[in-house]
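Nothing in this text is a laboratory measurement; each read-out follows from the coordinates by a stated rule. This is a predicted model, so every value here is computed, not measured. Positions of Cβ are generated from backbone atoms using ideal geometry, with glycine treated the same way; all protein chains shown enter the neighbour counts.
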Amino acid sequence: MKTMDGSPDHVWDGERLIALIIRASYQAEGITFFTDGSLSQQLGYMRRPEGYVIGAHVHNKLHRNVEYTQEVLIIRKGRLRVDLYDAEHRFLTDRILEPGDIILLASGGHGFEMLEEVEMVEVKQGPYAPTDDKTFFTPARSRGEQRLASVKP
């Protein structure tokens, strides 16, 4: 569901965050992190006035344990529908994403249908392991049709 006040759209399965959507219209002052420290992908928003300075810095070497790949998609052009699933591959809900929208796919499953030609940027942990990183599935319950039969990996 698209939030009317511009606040982030959280999709939950019980206490598990499935997805977080930041719409192109979102604005706030300062810095806001939408994720807590438990996720391996952190998503924040920053708005600073002209002349504001962030001091030069480097990030220190720090070993982290990443168990699941989490993705951030930034929609640059076009519209798409994202279908969201729980960990048992059951359909939960869908959302339409438009230019400027950002989605963090935190857990569960997901699939996409391009409603128009789409350009997007994907950010995820690496290195990418094409044969071990993902498992394709036929949903345990879809929206009344089996669209995924024609999906190519």
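Scoring 78-86, 108-116 by mean Cβ neighbours within 10 Å over their residues and listing the highest first yields 78-86, 108-116.
Here the translational diffusion coefficient of the stretch 13-153 follows from Stokes-Einstein with Rh set to the Kirkwood radius across Cα pairs; for 37 °C and 0.692 mPa s it amounts to 192 µm²/s.
With contacts taken as Cα pairs under 8 Å at a separation of at least 6 residues, the stretch 1-56 carries a relative contact order of 23 percent. Projecting the Cα atoms of ILE75, SER38, ALA87 onto the dipole axis of the chain, where Lys and Arg carry +1 and Asp and Glu carry -1 at the beta carbon, places ILE75 farthest toward the positive end. Across the stretch 77-126, C-alpha contacts under 8 Å between residues 6 or more apart give a mean separation that, scaled by the residue count, equals a relative contact order of 48 percent. Amide hydrogen proximity for PHE34: with H placed 1.01 Å from N in the peptide plane, the residues at 5 or more positions away or on another chain lying under 5 Å are LEU43, GLY44, TYR45. Listed peptides 47-57, 89-99, 125-135, 22-32 appear in the order 89-99, 22-32, 125-135, 47-57 once ranked by packing, highest mean of other Cβ atoms within 10 Å at the front. The lysine pair tally for the chain, using Cα distances under 19 Å and a gap of 8 or more places or different chains, is 4. Only the Cβ atoms of Lys and Arg (+1) and of Asp and Glu (-1) were treated as charged; on that basis the dipole of the stretch 1-127 about its Cα centre amounts to roughly 420 debye. For the stretch 69-122, the dipole from Cβ point charges (+1 on Lys and Arg, -1 on Asp and Glu) about the Cα centre works out to 80 debye, to the nearest 20.
The mean sequence distance of close C-alpha pairs (under 8 Å, at least 6 residues apart), as a share of the length of the chain, puts its relative contact order at 23 percent.
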